[in-house]
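Heads up, the thing below is written out as structure tokens.
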Amino acid sequence: MKRSDKKKIISKHAQHPKDTGSAKVQIAILTERIQEVQGHLKDHPKDNHSRRGLLMMVGKIRKLLNYLRLNNKDNYEEVLKSLKIRK
């Protein structure tokens with residue numbers, strides 16, 4: 001992921017101008033990275049190191065989504081809808 005792509009994602013999902021670490025932003029960034037790794041794994045199915053990284057990212061997103069679901073139901077549903085994540 002290029003730096004400019006990451007900045008676009010952050011600006012789109014940030015809650016205020018300097019927001020780079022909220023759960024919403026982290027989920028958006030991880031979702032983009034997961035999609036990139038999935039594309040890589042389609043071309044390189046035996047790359048187990050990347051597969052492990054993918055599984056770790058999926059676990060991290062799951063933890064962040066659980067946090068949002070418990071603490072801010074509105075943001076949780078908004079994130080699921082805007083990023084087209086099924087849960």
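Scanning segment 44-87 for residues that are at pLDDT below 95 and of a type in the set (G, A, S) yields a single hit, S82.
Of all the listed residues (N48, N75, N66), the sole one being of a type in the set (S, T, N, Q) and buried (at least 16 other Cβ atoms within 10 Å of the Cβ) is N75. Given the criterion within 22 Å of K87 (Cβ to Cβ), among the small types (G, A, S) and loosely packed, with under 11 Cβ neighbours inside 10 Å, identify the matching residue among G59, G53. Exactly one residue qualifies, and that residue is G59. Whenever a residue of segment 1-24 is touching a residue at least 40 places away in the same chain (Cβ under 8 Å), its partners that are among the charged types (D, E, K, R), lying with C-beta atoms within less than 9 angstrom and at least six residues away or across chains, give the pairs H13/D19; H13/K24; K24/E78. Taken over segment 20-50, the residue count meeting the criterion of being touching a helix residue (DSSP H, G or I) at 6+ places or on another chain (Cβ under 9 Å) and within 23 Å of K87 (Cβ to Cβ) is 16.
Kindly indicate whether D43 is on the phi < 0 side of the Ramachandran plot, touching a residue at least 24 places away in the same chain (Cβ under 8 Å) and exposed (fewer than 14 other Cβ atoms within 10 Å of the Cβ). No; evaluated as a whole, the condition is false for this residue.
The values are calculated or read from the model by the stated rules, or taken from the named source; none is laboratory data. Everything numeric here is computed off the predicted structure, so don't read it as measured data. Backbone-built Cβ (ideal geometry, glycine too); neighbour counts: all protein chains shown.
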